[in-house]
4 protein chains.
Amino acid sequence: MLQNLGYHKAMTTHFADSPVKVRAGSAPGQPDHTPELDALYRSFEHELLVPLWTEIGELMPTQPAASAAPHVWRWRDGLLPLAQRAGELVPVGRGGERRAIALANPGLGGAPYATPTLWAAIQYLEPRETAPEHRHTQNAFRFVVEGEGVWTVVNGDPVAMRRGDFLPQAGWNWHGHHNVSDSPMAWLDGLDIPFQHYANTGFFEPGPDEVTSTAIPARSRSERLWAHPGLLPASQTEAQPSTPIGAYRWEYTDAALRDQLGLEAEGYPGVIEPGHAAIRFVNPTTGGDVLPTIRADFHRLREGIQTATRREVGSAVWQVFEGRGTITVGQREWTVERGDLFVVPSWVPLTIGAETPLDLFRFCDTPIFERLHLYRDHLEGASG
Amino acid sequence: MLQNLGYHKAMTTHFADSPVKVRAGSAPGQPDHTPELDALYRSFEHELLVPLWTEIGELMPTQPAASAAPHVWRWRDGLLPLAQRAGELVPVGRGGERRAIALANPGLGGAPYATPTLWAAIQYLEPRETAPEHRHTQNAFRFVVEGEGVWTVVNGDPVAMRRGDFLPQAGWNWHGHHNVSDSPMAWLDGLDIPFQHYANTGFFEPGPDEVTSTAIPARSRSERLWAHPGLLPASQTEAQPSTPIGAYRWEYTDAALRDQLGLEAEGYPGVIEPGHAAIRFVNPTTGGDVLPTIRADFHRLREGIQTATRREVGSAVWQVFEGRGTITVGQREWTVERGDLFVVPSWVPLTIGAETPLDLFRFCDTPIFERLHLYRDHLEGASG
Amino acid sequence: MLQNLGYHKAMTTHFADSPVKVRAGSAPGQPDHTPELDALYRSFEHELLVPLWTEIGELMPTQPAASAAPHVWRWRDGLLPLAQRAGELVPVGRGGERRAIALANPGLGGAPYATPTLWAAIQYLEPRETAPEHRHTQNAFRFVVEGEGVWTVVNGDPVAMRRGDFLPQAGWNWHGHHNVSDSPMAWLDGLDIPFQHYANTGFFEPGPDEVTSTAIPARSRSERLWAHPGLLPASQTEAQPSTPIGAYRWEYTDAALRDQLGLEAEGYPGVIEPGHAAIRFVNPTTGGDVLPTIRADFHRLREGIQTATRREVGSAVWQVFEGRGTITVGQREWTVERGDLFVVPSWVPLTIGAETPLDLFRFCDTPIFERLHLYRDHLEGASG
Amino acid sequence: MLQNLGYHKAMTTHFADSPVKVRAGSAPGQPDHTPELDALYRSFEHELLVPLWTEIGELMPTQPAASAAPHVWRWRDGLLPLAQRAGELVPVGRGGERRAIALANPGLGGAPYATPTLWAAIQYLEPRETAPEHRHTQNAFRFVVEGEGVWTVVNGDPVAMRRGDFLPQAGWNWHGHHNVSDSPMAWLDGLDIPFQHYANTGFFEPGPDEVTSTAIPARSRSERLWAHPGLLPASQTEAQPSTPIGAYRWEYTDAALRDQLGLEAEGYPGVIEPGHAAIRFVNPTTGGDVLPTIRADFHRLREGIQTATRREVGSAVWQVFEGRGTITVGQREWTVERGDLFVVPSWVPLTIGAETPLDLFRFCDTPIFERLHLYRDHLEGASG
């Protein structure tokens, strides 16, 4: 059925300086390395083609071979002083948009990516500074490991930022930040910038240079409408793709974790494993993840507890909120404390040991893989 | 609240030969280029950090700036003769797994990726050859632009491949192919290999060297159970994440397109725009896309029709099935005919003109972005 | 906390001639029958109140105690001749709307209800007659056990009715029927009239006296757009609450059932139990039931097969399409043949025995109970 | 095609004393009243058949003609003293199960049904009494208009009941109640008993005579796990068909309503109409209704406010929690105050006027009709 059209015929498309390099391999299943094969491979390059048979081991490994590396970034002696120095040298304003300094995973070639999908940065505002308003389709959140004094203004709704608060910020909402206090403030920014850059999905629009409201209420309007347990405003009960709550306050997170450990102490279920309480931040209109691409949760370990070792498809960034622990990610092990950030790449085993009572914030890209039916996890010692 | 800890303190993590390179910029919003700034940027590199303010234009463009380029690959004079030559020189079997030759988008640095998310390859089997069984989490399909004689065996169910057929193959199902005829056969393979490689989600497992069934029925068991219009087997009515139908036969696709044009001729709705019929291949248990990461559809244009110009978030690969047309993708324009493949990157405008009656197969990554609420499209001339 | 306000105080609401009758009981848990109790019960009646304790056995039985009774209605010697006689005596037209004669379950007090939720009627049109257009929120379908010649016109789309066809008709669509042949035609109408009457949800609107299209195509426009296996028109892929397919043709139903029995004969899964093939009619945009309140399926038993005995929450109406069988519904048993209709009330066990190859159509209210998480079933002999 | 089989042939099924009565009508569209017609109608009765044409006006009205009537039941001078009297005369225990006295809608023939779908009763426990454990598929809740001292024990989890609390109790969970105080306590029970009785879906099972836990914690275990705003326990994040929260506490309901009115006073959206705040109690795992068949919400009107007049498909029961108002339901109008209960049948217009600040609890069957795509509403003055 297929006629042998002959390869001597002129190729209609070709690339003078092709980016493609086809290397002959010698593993089982590879063709003999002959001049004819070499000519064929050169033709592939010329025609912008790559054979599967030379690449399959790299492209389709037997299990995920993470490109990102396990790594830790230190808060007190690393991120924070550098952010302070940036506060002295770098203006915040239109063009640069934010004084944010991103973790660059050593496995990702110098890109400002904590993992292939996730951005994690320390953002820093000097007293009385304003980060101008803009909006973008990238989904974002802030998490406050210490300090207060900044309000983030989301579509005109001022949201106070205080230690322990988790502040999601779904894509395409206007937002700016301003520091109304006499102290600088630093916090963690998490976004799906790497994913949206990879996938070419991002839109961005600048807004006013000043925030659209300078009010500084203790609670945002979003909380007054949406942050009541088990209650929705009857005027807006439809499912929303992202959470409408602008701030998940520490007092509630702390109480929920305390309750789980209390139930465990009384012999009732609730914790995720012995001595390990955990809550997920969710969208109250669906019970699902706060953002379409990002899951966020908070973990509390009793002193002396060591978690089971677990692998998961997808990547995560953790930040120690309080306490001291020992983290093992694949072949790496670190002792971490308040503010330290570490990265767990896809399918790399993670174990956490609590040297003191240990509180940790985590965010990860699991919603992407759950929605695409690609998620898996594995507990070491478990079968399957 | 934040103490000035001083940057002279020893950094606890550092990278001798950092992949990070921070370049000072001179655009609006950038800090003055001073020795102090330079020192700060060197510290960033040392600590594996990247500022947002130097990268934001690249990272967060005002609209998607596709990394992939529009490109066309020719079938009759390009892909097919090279595949034939590979048939002479390259064995098919364990290790190489498949004699498949992938489109390498010129914008993607030589990687075997048609777009950032999609793999498209010509696969080629000589008479009586077998591509051994394996399974992988990558979602796949085959589309047959010409020829027949190969059966793909999916979990033991032999599925005939014939011109015009679309054969989805969801992740983690065992499959192998064998050519029972005296002619070689070539077809299009589409997979989400680039996406799963990027996201580190892939698992792979080799199976038997021979296909597990050598029966060659005209219809697969999957079709006998599932490919009846509006009917599900009462024994299996639950929603499945991917389609259970192993083959979408040309006769049905053709009839559905003919019916749409017939309705249009009689003055009734159905076509997607004037003179342009289109069907989507769907999962009969949900009405949704056939695969979690891949949408597939088929288009038929009346002779002389030109489509509206449209942009979409996400990328697509098209193959001409029959006829001749003029394709405009961004700044590129080509005349295409049977078998030719072209790529439409994210947010690049596409127009198709039909010089003859024109049939086209398309696959794209839209389900990823719809599920993550990142999808947008735009018709030129439309507002918004 | 509750003050004893005294029952001598004037009641503010009362009912001179109360419909409430409270009867003192003597079962365990009932209060002693005293004059004081009698006075209390009379006060309940006066105040339109009923105690739970006298009614709980009736209201909350240990398992469903169906109000409907098992019953059979005969087609050839019962429904059909009476419908023919009605054809002679009763006009069809505005006001009466339809020449439809409904099954009145003997357990339901003379109401025209086959079961508490379902209406089943024989509808009859003389040659050249027209049943005028109207629309209503009641969901409907037609099933044709024999004959042809009538077109039902749904929102202007003429749909031919032929033996074996299942023709759903979702609520609030305009529809009328006309017989273009020289023979009378009778068919089965199924609706959720009893449910919507019970729940007070029904709206009704009369339309033109004549059907809005007198075309008599072999296939409806709805079939041309929607009745292709695994294909949706790309212009209309959104999920719809009810099926857009106007006719599920016998040729497809028959083929799907034949395929299931063929697979079984070859040793492959597909049938619902040994010798018993079954398909469900579904909405191609969701894979779910054709109508929000009504499930419809079709069953084929090999000669000599007896089904397992099964109970289900919810009620069903069956019609024999072809063949002869023995039906056991609770304490009742009948031999049935073509056209005969029988009712299976909630939680009453059903067994079907096939004396010949046996084809049966069924419709039931299961979607209501699945959506409300009230559905259960039980196979006799199974545990639980 | 249909042979005239003649009606003289013996009917194979008949009913000696048929419940069916077919009455000839004289409206437009009805057949002439002749002896032949009379004979046909007698045959219908004999064969358990009812024509549509005589019944259609009743069965398929142009808009819902509610069988239930608007009605009010008084709390302080009606329900409460009768319940107190029942407390003196009627034991609570196995057999009678509960000392509950149900509203019997005057339109529903004396059945203990507030509406066709909903049960509403006052339940009453004397000091130290126990209502024994049982479970049933009927979905239930309790709402406390005044008092405290009773714990309801749900699957072993003791849940305190206090003024203002809403306590859902999904079907098939074990539960009993006991009064640990020295005061009697009365509250509102709401269930879907009428719906499940109608639909023949109910199962019931008695449990222990005593509650399985006599602990009296201020917060239930369910609240400790689930009642934190926007937080789910990471160990149990799957969607559940009914809410896992055992108590929605008054303090949260009150705060949410106060917040809505506060937002309105500041000029921000949130209230459902001017001066009218409302929250819906929801399942935190889905954001949907607390129970599959029952919606519950809470309303607060500013003094002097009158709501718009609204019709809804489906029925509702309201209870005044605090304040005094004027209620108009169709042709009926009442002044109501604390504890008074009133019924709004399907499609009957409702207006509420607040003579004082007015708090009202409502429950309704809307989830049934939303899930079945039968819900509609209409604001008087609005078009459509």
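A few remarks follow.
- Test: residue in region B:367-375 that is open to solvent by 10 Å² or more (accessible area, probe 1.4 Å) and away from chain A (no Cβ under 14 Å): no
- Residue that is most open to solvent (accessible area, probe 1.4 Å) [pool: residues in region A:15-30 that are under 24 Å from B:PRO106 (Cβ atoms) and hydrophobic (A, V, I, L, M, F, W, C)]: A:ALA16
- Members of region D:223-242 found to be farther than 24 Å from D:GLU146 by Cβ and either touching a strand residue (DSSP E or B) at 6+ places or on another chain (Cβ under 6 Å) or at the interface with chain A (Cβ under 7 Å from one of its Cβ atoms) (or both), listed by number: D:ARG224, D:LEU225, D:HIS228, D:PRO229, D:GLY230, D:LEU231, D:LEU232, D:PRO233, D:ALA234, D:SER235, D:THR237, D:ALA239
- Of all residues in region B:74-106, those being surrounded by fewer than 19 Cβ atoms within 10 Å (Cβ to Cβ) and more than 7 Å from chain A (Cβ to nearest Cβ) number 1.
- Among the residues of region A:43-99, those that are within 25 Å of A:ALA27 (Cα to Cα) and within 22 Å of the chain's Cα centre (by Cα) comprise A:GLN63, A:PRO64, A:ALA65, A:ALA66, A:SER67.
- The lone criterion from (1) touching a residue at least 12 places away in the same chain (Cβ under 8 Å); (2) surrounded by fewer than 24 Cβ atoms within 10 Å (Cβ to Cβ) left unmet by B:GLY109 is number (1).
- Filtered by the rule that a residue be facing chain A (nearest Cβ under 7 Å) and open to solvent by less than 40 Å² (accessible area, probe 1.4 Å), region D:263-294 gives D:LEU263, D:GLY270, D:VAL271, D:ALA278, D:ILE279, D:ARG280, D:PHE281, D:VAL282, D:PRO284, D:THR285, D:GLY287.
- Filter pass, B:HIS33 being open to solvent by 50 Å² or more (accessible area, probe 1.4 Å), at pLDDT 95 or above and more than 7 Å from chain A (Cβ to nearest Cβ): no
- Any hit, region D:19-37, residues being of a type in the set (Lys, Arg) and free of Cβ contacts under 8 Å to residues at least 12 places away in the same chain: no
- The condition of being surrounded by fewer than 23 Cβ atoms within 10 Å (Cβ to Cβ) and within 23 Å of C:ALA65 (Cβ to Cβ) holds for only one of C:GLY353, C:GLY381, that being C:GLY381.
- Checklist (1) more than 7 Å from chain B (Cβ to nearest Cβ); (2) open to solvent by 10 Å² or more (accessible area, probe 1.4 Å); (3) touching a His at 6+ places or on another chain (Cβ under 7 Å) applied to A:LEU125, failing item: (2)
- Residues of region D:195-220 that are assigned to a helix (DSSP H, G or I) and touching a Leu at 6+ places or on another chain (Cβ under 6 Å): D:HIS197 alone.
- Long-range neighbours under 9 Å by Cβ, at least six apart or interchain, first residue in contact (Cβ under 8 Å) with a residue 40 or more places away in the chain within region B:156-169, second assigned to a loop (DSSP other than H, G, I, E, B) and among the basic types (Lys, Arg): B:VAL159/B:ARG219; B:ALA160/B:ARG219; B:ARG162/B:ARG249; B:GLY164/B:ARG249; B:ASP165/B:ARG249; B:PHE166/B:ARG249
- Test for B:THR54: is it closer than 28 Å to A:MET60 by Cα and not acidic (Asp, Glu): no
- Some residue of region A:233-245 being part of a loop (DSSP other than H, G, I, E, B), in the same structural domain as A:ARG162 (by TED's automatic domain parsing) and touching a Phe, Trp or Tyr at 6+ places or on another chain (Cβ under 7 Å): no
- Among the residues listed as A:TRP172, A:TRP151, the single one being without any contact (Cβ under 8 Å) to a residue 60 or more places away in the chain and in contact with a strand residue (DSSP E or B) (Cβ under 6 Å, 6 or more places away or on another chain): A:TRP172
- Among the residues making up region D:246-259, a single one is assigned to a helix (DSSP H, G or I), more than 7 Å from every other protein chain (Cβ to nearest Cβ) and open to solvent by less than 20 Å² (accessible area, probe 1.4 Å): D:LEU257.
- Among (1) over 20 Å from the mean Cα position of the chain (by Cα); (2) open to solvent by 10 Å² or more (accessible area, probe 1.4 Å); (3) at the interface with chain D (Cβ under 9 Å from one of its Cβ atoms); (4) among the hydrophobic types (A, V, I, L, M, F, W, C), the one test that C:VAL154 misses: (3)
Here is a yes/no grid of residues against (1) of a type outside the set (Lys, Arg); (2) at pLDDT 95 or above; (3) under 30 Å from C:ARG300 (Cβ atoms); (4) open to solvent by 20 Å² or more (accessible area, probe 1.4 Å):
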residue: B:LEU188; (1), (2), (3), (4): yes, yes, no, no
residue: B:LEU191; (1), (2), (3), (4): yes, yes, no, no
residue: B:PHE195; (1), (2), (3), (4): yes, yes, no, no
residue: B:SER213; (1), (2), (3), (4): yes, yes, yes, yes
residue: B:ILE216; (1), (2), (3), (4): yes, yes, yes, yes
residue: B:LEU232; (1), (2), (3), (4): yes, yes, yes, no
residue: B:GLN236; (1), (2), (3), (4): yes, yes, yes, yes
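- Qualifying residue in region D:319-328 (condition: among the small types (Gly, Ala, Ser), surrounded by fewer than 23 Cβ atoms within 10 Å (Cβ to Cβ) and within 11 Å of chain C (Cβ to nearest Cβ)): no
- Qualifying positions in region D:14-55 - in a strand (DSSP E or B) and of a type in the set (Val, Ile, Thr): D:VAL50
- Which numbered condition B:HIS46 misses (of (1) farther than 14 Å from A:LEU89 by Cα; (2) without any contact (Cβ under 8 Å) to a residue 40 or more places away in the chain; (3) at the interface with another protein chain (Cβ under 8 Å from one of its Cβ atoms); (4) not aromatic (Phe, Trp, Tyr)): (3)
- Filter result (among the hydrophobic types (A, V, I, L, M, F, W, C) and open to solvent by 10 Å² or more (accessible area, probe 1.4 Å)) within region D:295-315: D:ILE305, D:ALA308
The values are calculated or read from the model by the stated rules, or taken from the named source; none is laboratory data. Please read these numbers as outputs of a predicted model, since none were measured by experiment. Note that we place each Cβ from the backbone using ideal geometry, even for glycine, and neighbour counts take in every protein chain shown. Protein only, heavy atoms only, side chains kept; ligands, DNA and RNA dropped before computing areas. Shrake-Rupley method; radii C 1.70, N 1.55, O 1.52, S 1.80 Å.
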